[in-house]
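Here is the structure we will look at, set down as structure tokens.
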Amino acid sequence: MLTAMLAAFLGGIILNFMPCVFPVVSLKAFGLLRHDGDTASARSEGLAFLLGVVVTMMALAAVLLAARAGGNAVGWGFQLQSPLVISILALVILGAALNMLGVFEVGLSLQRAGELSIGRGAFGRSALTGALAIIVATPCSAPFMAGAIGYALVQPPAVALAIFFALALGFAAPFTLISLFPALARRLPRPGAWMSVLKKGLAFPMFGAYAWLVWVLAQQAGMTALATLLAGSVIVSFAGWIYGMAQQRQLAGRGYRVMYSVTAVLLLLVLVPLPGVMKPAANADIAQNAQQAAPIKWTPQTVAEQRGHGKAIFVNFTASWCITCQVNDKTSLSTQAVKEAMAKTGTLYMVADSTKFNADVDDALSQFGQGGLPLYVVYPADGSAPTVLPQVLTPTIVVNALNQAAGKKA
């Protein structure tokens, strides 16, 4: 248990540097830069970020464990198998990006609207940033994490929650430590006019995260859901613009209440139709790797039928929402070296897609002791025990595994 907790803590620290989390944690990094000399405010925001991370992680873990106890085979990142969650998260991140660009302000007093001061509501804003960071982090699986989560999911609830708590602490540790210890904070750049440029620049990683979520939704729910989300995004952007103007009118002492009402109505027009539209499409695209034109669709039965018949089997457990999976696909599985190794060894290439909920995939993850994606399994040609590859691949790792599974020398 202690080993799993340590692995979870280290995995949480590394998770800060994974591509799916960076757009959100950059917001917290920007927040720390504002606290030059204000130790109390920095500590308050650091503790708020920690609270948001821990509470959200514990809530997600509790739902995950309850779902598994009820017989549902779900794993890390399970909520991103829901098109409704994806669409709402995309709209939230779009709103955050517009806020960074200064279209409207959140958490600032009207007397300081548009400035870079801390303002009122900083504690709640930091807690919400921590919560959003954890939700966005679930498509990623950092080194040390998979084994720790896989172990947690087969333990009693108290042990599992302790491991998820360690993961949350690791994730929040870098920012919290900097905020609690002024000596560390003094090493950060001093605030200045350059921060206004930085604030707007950080909006674009958020737009990138929004674009990724839109793409994931198209894979999950098809063109109707995509069109609904894009139309909703336009309305949300328009609502944000009106809200920003209302803030400025209120600051100038002019009429603004109607504009706030219009903003609320526009947001309701976006949110009300979502539950009826955002549902998994029966014909949604299956995530495929460019490595082969027509990979074999994975099922447990297919693997059982093909094992031990003189051909190695490579199974790619993936999903559109898994950023690490997509990076591995581009940097390793789609390379010419891996393509040639697949051909020379005659390896059967299978894709186990979990973009939408797939109970068989989640059962397989549990069987291999993995709490989440990605998972790469190589079955030797002679039918012996399979090998689980690291979650971060290189072409050399894959080629050597294929040659070994086929009984060939590298």
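What follows draws every value from the coordinates through simple rules; no lab data is involved. No experiment lies behind these values; they were computed from the predicted model shown. Methodologically, a virtual Cβ is constructed for each residue, glycine included, from the backbone with ideal geometry; neighbour enumeration extends over all protein chains shown.
Would you mind ranking Arg43, Arg254 so that the residue whose beta carbon has the fewest other beta carbons within 10 Å leads the list? Walk me through the numbers on the way to the answer.
Details: Arg43 17, Arg254 9.
With the sparsest Cβ surroundings first, the list reads Arg254, Arg43.
For Ser196, Ser126, which order do you get if you count the other beta carbons within 10 Å of each Cβ and list the fewest first? Write down the numbers at each step before the final one.
Numbers: Ser196 13, Ser126 26.
Lowest count first: Ser196, Ser126.
Give me Lys297, Lys311 ranked fewest to most by other Cβ atoms within 10 Å of their Cβ, as a rough exposure proxy. Display every interim value, and only then the final one.
Numbers: Lys297 12, Lys311 16.
Ordered by Cβ neighbours within 10 Å, fewest first: Lys297, Lys311.
Here are some pairs, Lys199/Lys330; Lys279/Lys330; Lys200/Lys330; Lys297/Lys356; which of them have Cα atoms lying more than 21 Å apart in this structure? Walk me through the intermediate numbers first.
Numbers: Lys199/Lys330 31 Å; Lys279/Lys330 29 Å; Lys200/Lys330 30 Å; Lys297/Lys356 14 Å.
Lys199/Lys330; Lys279/Lys330; Lys200/Lys330, as the Cα separations exceed 21 Å there.
Checking the a/c ratio against 1.5 first, then a/b against b/c, what shape does the Cα gyration tensor give for segment 296-406? Walk me through the numbers on the way to the answer.
Values: a/c = 1.74, a/b = 1.12, b/c = 1.55.
Oblate is the answer for segment 296-406, as a/c is 1.5 or above yet b/c matches or exceeds a/b.
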